[in-house]
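One structure is given here, and the rest of the page talks about it.
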Amino acid sequence: MIDLGRIRLFCTSLGPAKAPAVLLVHGWGGDGREWSPHAETLAGHFRVIVPDLRGHGRSEVPDEGNTPTEMAEDLAVLTEALGTGPVVAVGHSMGGQVVNLLAAHHPHTVRSVIALEPAHGAHGEEAEAIPARLADYWAQGARAAASFVAGAFAPDASPGLRTAHVRTMLGTPDHVIAQAYAGMYTDPGAVGIRPHSEAYLSKRTQPALTVWTSAAAAAWERTTLHVPGSRADHWPGLGHYLHEEQPERTVQLIAAWSGRTVML
């Protein structure tokens, strides 16, 4: 546990202290354990930082402020406290939004971004469903969110993966579930809805790699890219937790993007 003054975060660090740093950030209702296979392999080449975001896992659970914006502020303080220098910031789902906010608001802390199925770009029916979903999360908390998680995996996902995530979601405090979802999509300044997403992505000055399981989402993402070297990839046939359904492919992606070759 690291006391950052503003929050106490549980965080692990693997690999050589002087190696280039990779920050692995989990998503909504998750925790850093989902990055364990990736961190173990990447630690042969990088300093791998894996936090539990505020309100999640083993980190402190505030009564208020469990939002992506505050989480990004936490990570800016964390990287400074750890002396990592600029990191390759990797985030999944809500974590993808968090690392992009970190890059936009604290550009000196981020060398580049990898966002996997990030929680931005919502539009059409997806955006229209957000108020009703949020009402469910305020009313039922993690129980309502667990049903989303249960349906978020491909049919051939590894046995136990779905159950592990449902359990982790159910262990996340109800108010954190609702606050984080509102912070992604409906709070003032939230960036999850497509026009707001485009505005915040325009502030990012670092190269970015975004991976979507939807071809349409990847095509839209490409219209937002303005920094040389950035790209959006499409990984079809996978569920929302693509980094866990294909961990070796994800490790190779992170390593190649960061200029290293990792032997699996």
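The values are calculated or read from the model by the stated rules, or taken from the named source; none is laboratory data. This structure is a prediction, so every number in the text was calculated from the model and none was measured. Because the Cβ atoms are built from the backbone with ideal geometry, glycine has one as well, and the counts that use them run over all protein chains shown. Just the protein is used for accessible areas: all its heavy atoms, side chains included, with ligands, DNA and RNA removed. Shrake-Rupley method; radii C 1.70, N 1.55, O 1.52, S 1.80 Å.
Is it the case that His123 is in contact with a Lys or Arg (Cβ under 7 Å, 6 or more places away or on another chain) and more than 16 Å from Arg8 (Cβ to Cβ)? For His123, the condition - in contact with a Lys or Arg (Cβ under 7 Å, 6 or more places away or on another chain) and more than 16 Å from Arg8 (Cβ to Cβ) - is met.
List every residue pair whose Cβ atoms sit under 7 Å apart, with the two residues 6 or more apart in sequence or on different chains, where the first one lies in the stretch 179-205 and is closer than 14 Å to Trp220 by Cβ and the second, anywhere, is in a helix (DSSP H, G or I). Pairs that qualify, where the first residue is closer than 14 Å to Trp220 by Cβ and the partner is in a helix (DSSP H, G or I), are Gly192/Gln97; Gly192/Met184; Gly192/Tyr185; Ile193/Ala127; Ile193/Tyr185; Glu198/Thr224; Leu201/Asn100; Leu201/Thr224. In the stretch 210-237, the residues that are surrounded by 11 or more Cβ atoms within 10 Å (Cβ to Cβ) reach residues that are charged (D, E, K, R) with C-beta atoms within less than 6 angstrom, at least six apart or across chains, in these pairs: Thr210/Glu221; Val211/Asp233; Thr224/Glu198; Ala232/Glu221; Ala232/Arg222.
Among the residues of the stretch 149-177, count how many are open to solvent by 80 Å² or more (accessible area, probe 1.4 Å) and within 19 Å of the chain's Cα centre (by Cα). Looking only at that region, the number is 3.
One residue stands out in the stretch 178-209 among those that are assigned to a helix (DSSP H, G or I) and among the charged types (D, E, K, R): the one that is most open to solvent (accessible area, probe 1.4 Å), namely Glu198. The residues listed here are Gly91, Gly65; of these, the one that is within 16 Å of the chain's Cα centre (by Cα), not in a helix (DSSP H, G or I) and not aromatic (Phe, Trp, Tyr) is Gly91. Of note, Val98 satisfies the criterion of being part of a helix (DSSP H, G or I), closer than 12 Å to His26 by Cα and open to solvent by less than 40 Å² (accessible area, probe 1.4 Å).
Residues that are over 23 Å from His240 (Cβ atoms), at pLDDT below 95 and open to solvent by 10 Å² or more (accessible area, probe 1.4 Å): does the stretch 62-69 have at least one?
No.
The condition of being open to solvent by 10 Å² or more (accessible area, probe 1.4 Å), over 20 Å from Tyr241 (Cβ atoms), of a type in the set (Gly, Ala, Ser) and not in a strand (DSSP E or B) holds for only one of Gly57, Gly85, that being Gly85.
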